[in-house]
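J.: Next up is a structure, given as structure tokens.
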Amino acid sequence: MARWLVTGAGGMLAHDLLPRLTAAGHEVTALRRPDLDVTDAAACASAVDGHDVVANLAAWTAVDDAETHEADAFAVNAVGAANLASACARTGSRLVHVSTDYVFSGDATTPYAVDAPIAPRSAYGRTKAAGEWAVLAHCPSALVVRTAWLYGAGGSNFAATMARLAGERETLSVVDDQRGQPTWTGDLADALVRLVDTEAAGGLWHGTNGGETTWFGFARAIFEELGLDPERVTPTTTDAFPRPAARPAYSVLDHARWEEAGLEPLPDWRDALRRAAPTVLGTT
């Protein structure tokens, strides 16, 4: 069994990853934000020492706040990632680094391949793109896994918000002009472990559930899982809900690398929601 270090252990993805690692018999060191300042290179080196695998889940994920605090987001998303990558390169530890669809411009019409040109349109996207570059520059064997539209039982997210609002409002207006892949943290956690266990080649991977929909379509599916009338959800546009940071209009990621490596990509998003509903939505 391997010795895993998980940074960002208080987050939503860690909520599903940690029990999977423990159940598999791995020795796990789980560090939350107060336990490890990833912007401190010496602290990162000390934390990584003695571990076989490092899962870097630490990130500044407040997308809108990053627009006015880009230096702070850069410190975590880029400098912190570089510090952990440097430490892993020194010790030979396998690094798994989680990135985002926001590194792309969002104006494509077909799924983004792992080697598609990046062109982030927000501060968050720029800092995560810098993190990708830093990780692979310092530690080429690292697994950099981009994900998107995450939801799970371990934190605030769109699915949980829709379930709450369903009990508070008769109708909900949800944007129908942003397209992506709702991704359950349970499936992503399984995928991260699978990449490590199979000794997958380093570089860029796309870790999102299969298929595609809009936020409107996702919301309607949530209502269906709750046994509610999906007609209560009505479509609207991104312009109706202006935000400081630009949202990608198209965030569908290609999974060809999984098939090329002989690995099963993550399941379809609708199947994932059905399996996630008991813990995320509180269904029985």
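J.: Hand me the list of helices (runs of 4 or more DSSP H) wholly inside the stretch 143-225 holding 1 or more residues that are over 23 Å from PHE241 (Cβ atoms).
T.: Once the helices (runs of 4 or more DSSP H) in the stretch 143-225 are filtered for at least 1 residues that are over 23 Å from PHE241 (Cβ atoms), what remains is 185-197, 215-225.
J.: On the basis of being under 26 Å from PRO120 (Cβ atoms), among the polar types (S, T, N, Q), surrounded by fewer than 21 Cβ atoms within 10 Å (Cβ to Cβ) and in contact with a Lys or Arg (Cβ under 9 Å, 6 or more places away or on another chain), does THR236 make the cut?
T.: no
J.: When the residues of the stretch 94-106 are narrowed to those that are in contact with a Lys or Arg (Cβ under 9 Å, 6 or more places away or on another chain) and not in a helix (DSSP H, G or I), which ends up farthest from THR213 (Cα to Cα)?
T.: VAL98
J.: Another question, if that's okay. Pairs needed: first member in the stretch 197-221, farther than 30 Å from ARG3 by Cβ and of a type in the set (A, V, I, L, M); second member anywhere, assigned to a strand (DSSP E or B) and at pLDDT 95 or above; C-beta distance under 7 Å; at least 6 residues apart or different chains.
T.: Short answer, once both residue conditions are applied: ALA219/LEU172; ALA219/VAL174; ALA219/VAL233.
Here is a yes/no grid of residues against (1) at pLDDT 95 or above; (2) within 25 Å of ALA189 (Cβ to Cβ); (3) not charged (D, E, K, R):
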{"position": "LEU95", "(1), (2), (3)": "yes, yes, yes"}
{"position": "TYR102", "(1), (2), (3)": "yes, yes, yes"}
{"position": "THR109", "(1), (2), (3)": "yes, no, yes"}
{"position": "HIS138", "(1), (2), (3)": "yes, yes, yes"}
{"position": "GLY155", "(1), (2), (3)": "no, yes, yes"}
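J.: Somewhere in the stretch 116-134, is a residue surrounded by fewer than 16 Cβ atoms within 10 Å (Cβ to Cβ), assigned to a loop (DSSP other than H, G, I, E, B), out of contact with any Asp or Glu (no Cβ under 6 Å at 6 or more places or on another chain) and among the hydrophobic types (A, V, I, L, M, F, W, C)?
T.: Yes: the stretch 116-134 contains one or more residues that are surrounded by fewer than 16 Cβ atoms within 10 Å (Cβ to Cβ), assigned to a loop (DSSP other than H, G, I, E, B), out of contact with any Asp or Glu (no Cβ under 6 Å at 6 or more places or on another chain) and among the hydrophobic types (A, V, I, L, M, F, W, C).
J.: Which residue is farthest from ALA71 (Cα to Cα), if the candidates are limited to the stretch 99-115 and must be surrounded by fewer than 21 Cβ atoms within 10 Å (Cβ to Cβ) and touching a Leu at 6+ places or on another chain (Cβ under 9 Å)?
T.: The residue in question is PRO111.
J.: Would you check which residues across the stretch 242-270 are under 30 Å from GLU199 (Cα atoms), in contact (Cβ under 8 Å) with a residue 40 or more places away in the chain and outside any loop (DSSP other than H, G, I, E, B) and list them?
T.: Selection gives LEU253, ALA256, ARG257, TRP258, ASP268, TRP269, ARG270.
J.: Just give me the residues in the stretch 244-260 being out of contact with any helix residue (DSSP H, G or I) (no Cβ under 9 Å at 6 or more places or on another chain) and over 19 Å from THR183 (Cα atoms), in sequence order.
T.: The answer is GLU260, and nothing else.
The values are calculated or read from the model by the stated rules, or taken from the named source; none is laboratory data. Bear in mind that the values here come from a model prediction, so they are computed numbers and not experimental data. Glycine gets a Cβ as well: all are built from the backbone with ideal geometry, and neighbour counts include every protein chain shown.
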